[in-house]
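Structure record follows, encoded as structure tokens.
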């Protein structure tokens, strides 16, 4: 059983607990762990639309013998119809856990503060720890562990990248980050990684980041809700596209959390190549979240 009550950020887990969740996920995926959550219900709150988050959590609960309830923007007006605190307290009387995919991370923190059941971050503008679980599971599968593996993040210092920086530090994964000026990881995220004893190497040039890399990771440049900044960001990220030219001379595999804006941060030729770990990575959202759920709910 995990010591944390909630999973809002990747470092809500201790490093040993993170390894435990990854071990549990791998065992469930391999059919070596028959964990079940019968008669358990997961309430899923969505302010942002999603493909992978909804389907992986809903399928995961079904496969574990439980049930998931989808509550979208038209079903529940978070903070508008009633205070977040009231919504959280009521949900706690109905469900065994809450997963929330929101814009404002502070809203997630408030929901967790008033909840009597575990709250899981399905994504906020600040962090995406469930994606990091899947990312680390994918790298561990592909390379047999983290020792000696060189990873590179190329692109925006967004929520996915920030959770990855901290998660990589927790497992001792060597990570190099290349972001344009003004779009880097938050200073407090880099400080967290430094406090964990394994900060990333930060560079400006994507070519420097991918040199010697085993795996190169990118994500969209224009995240949900940033559509009005499209032209500004496309100009800022010129030269940061993960394409065949950038990867020339490397044997690096490629990761992307999806959805991909093909032709912007990554090309079709790379995404459809044998380099891509993207589809294993997407599948591992299911297995990683099942591992998290059974550990959080002590199954």
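The values are calculated or read from the model by the stated rules, or taken from the named source; none is laboratory data. Keep in mind the model is a prediction, meaning the values are calculated, not measured. Here the Cβ is made from the backbone with ideal geometry for all residues, glycine too, and neighbour counts use every protein chain on show.
Say whether the condition of being at pLDDT below 95, under 21 Å from the mean Cα position of the chain (by Cα) and over 29 Å from residue 30 (Cβ atoms) is met by at least one residue in the stretch 72-85.
There is at least one residue in the stretch 72-85 that is at pLDDT below 95, under 21 Å from the mean Cα position of the chain (by Cα) and over 29 Å from residue 30 (Cβ atoms).
All but one of (1) closer than 24 Å to residue 244 by Cβ; (2) part of a loop (DSSP other than H, G, I, E, B) hold for residue 185, so report the exception by its number.
Residue 185 satisfies all of (1) closer than 24 Å to residue 244 by Cβ; (2) part of a loop (DSSP other than H, G, I, E, B) except (1).
Of everything in the stretch 94-123, what is without any contact (Cβ under 8 Å) to a residue 60 or more places away in the chain and in a loop (DSSP other than H, G, I, E, B)? Give them in sequence order.
95, 102, 104, 116, 117 - these are the residues of the stretch 94-123 that are without any contact (Cβ under 8 Å) to a residue 60 or more places away in the chain and in a loop (DSSP other than H, G, I, E, B).
What do you reckon, is residue 103 on the phi < 0 side of the Ramachandran plot and within 16 Å of the chain's Cα centre (by Cα)?
yes
Are any of the residues in the stretch 151-162 free of Cβ contacts under 8 Å to residues at least 24 places away in the same chain and not in a helix (DSSP H, G or I)?
no
In the list 270, 254, which residue meets the criterion of being without any contact (Cβ under 8 Å) to a residue 40 or more places away in the chain, crowded, with 19+ Cβ neighbours inside 10 Å and part of a helix (DSSP H, G or I)?
270
Is it fair to say residue 39 is in contact with a strand residue (DSSP E or B) (Cβ under 9 Å, 6 or more places away or on another chain), surrounded by fewer than 18 Cβ atoms within 10 Å (Cβ to Cβ), in the same structural domain as residue 75 (by TED's automatic domain parsing) and part of a loop (DSSP other than H, G, I, E, B)?
yes
Per-residue answers, yes or no, for (1) touching a helix residue (DSSP H, G or I) at 6+ places or on another chain (Cβ under 6 Å); (2) assigned to a loop (DSSP other than H, G, I, E, B); (3) more than 23 Å from residue 21 (Cβ to Cβ):
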site	(1), (2), (3)
194	no, no, yes
202	no, no, yes
207	no, no, yes
222	yes, yes, yes
249	no, yes, yes
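Looking at the stretch 1-36 only, could you name the residues that are in contact with a strand residue (DSSP E or B) (Cβ under 6 Å, 6 or more places away or on another chain) and under 20 Å from residue 66 (Cβ atoms)?
Residues satisfying the conditions are 6, 7.
Within the stretch 128-142, can one find any residue that is within 17 Å of residue 265 (Cβ to Cβ), touching a strand residue (DSSP E or B) at 6+ places or on another chain (Cβ under 6 Å), outside any helix (DSSP H, G or I) and in contact (Cβ under 8 Å) with a residue 60 or more places away in the chain?
no
Just a yes or no: is a residue in the stretch 85-93 under 30 Å from residue 36 (Cβ atoms) and in a loop (DSSP other than H, G, I, E, B)?
No, the stretch 85-93 contains no residue that is under 30 Å from residue 36 (Cβ atoms) and in a loop (DSSP other than H, G, I, E, B).
Give me the pairs: first residue in the stretch 180-201 and touching a residue at least 24 places away in the same chain (Cβ under 8 Å) and on the phi > 0 side of the Ramachandran plot, second residue buried (at least 16 other Cβ atoms within 10 Å of the Cβ) and not in a loop (DSSP other than H, G, I, E, B), beta-carbon distance under 9 Å, and six or more apart or on different chains, which are they?
Between residues of the stretch 180-201 that are touching a residue at least 24 places away in the same chain (Cβ under 8 Å) and on the phi > 0 side of the Ramachandran plot and residues that are buried (at least 16 other Cβ atoms within 10 Å of the Cβ) and not in a loop (DSSP other than H, G, I, E, B), the close pairs are 182/236; 197/169.
Does residue 296 satisfy being touching a residue at least 60 places away in the same chain (Cβ under 8 Å), surrounded by 20 or more Cβ atoms within 10 Å (Cβ to Cβ), under 30 Å from residue 14 (Cβ atoms) and touching a strand residue (DSSP E or B) at 6+ places or on another chain (Cβ under 8 Å)?
yes
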